[in-house]
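Report on the structure given below.
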Amino acid sequence: MGTKRMSQRDAEAGLWSTFEDFVIDGNLLSFADHASIDLQGISAEQVWDKFKAHYTRDGRIDMDHFLKDFSTWGPIASRIVELQLERNAKADT
């Protein structure tokens, strides 16, 4: 059974939701720095467009690119390692 591709509407909604979480939590600049998204010198109204453009390829949201950046960003990468260690510890008992 193959994997179902996310619709572009869902991809953009998911990207927006995560972007919004970054803004609310104060993590946008940290993530943007990690993902090499240059937000310097643009107005607040342009930030979403710049963020979205970074993850747009051939007119489509590239969720694989976003997920690679997200999973390697410090806070998420650390949590992934913690979960893996917990899983391994449970498997050893």
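The values are calculated or read from the model by the stated rules, or taken from the named source; none is laboratory data. Computed from a predicted model, the values in this text were never measured in an experiment. Neighbour counts are summed over all protein chains in view; Cβ atoms, including those assigned to glycine, are modelled from backbone coordinates with ideal geometry. For the accessible areas, the whole protein counts, side chains as well, though only heavy atoms, and no ligand, DNA or RNA atoms are used. Shrake-Rupley method; radii C 1.70, N 1.55, O 1.52, S 1.80 Å.
Data table
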item	result
Residues with amide H under 5 Å from that of T56, placed H, sequence gap 5 or more	D62
Summed residue charge, Cβ within 13 Å of W16's Cβ, Lys/Arg positive, Asp/Glu negative	-3
Degrees separating the helix 8-25 axis from the principal Cα axis of the chain, which is the longest one	80
Stretchable slack from E20 to A91, in nm (0.36 nm times residue separation minus alpha-carbon distance)	21.9 nm
For I80, net neighbour charge (Lys/Arg +1, Asp/Glu -1) across residues whose Cβ lies under 12 Å away	0
Per-pair calculated FRET efficiency, R0 = 41 Å: S78 and S43 via Cβ, rounded to 0.05	0.80
Angle between the chain longest axis and helix 74-92 axis [Cα atoms, degrees, rounded to 10]	20
Where the Cα pairs of the range 29-68 fall when distances are cut into 5 Å bins, in %	6, 23, 31, 25, 12, 3
Accessible area in the full protein assembly, largest first, 1.4 Å probe, for S36, S78	S36, S78
Gained length - D10 relative to H65, 0.36 nm times residue gap less alpha-carbon distance	18.2 nm
Label of the coordinate-derived value, Rg/Rh (Cα atoms, Kirkwood Rh), listed as (i) 1.18; (ii) 1.06; (iii) 0.95	(ii)
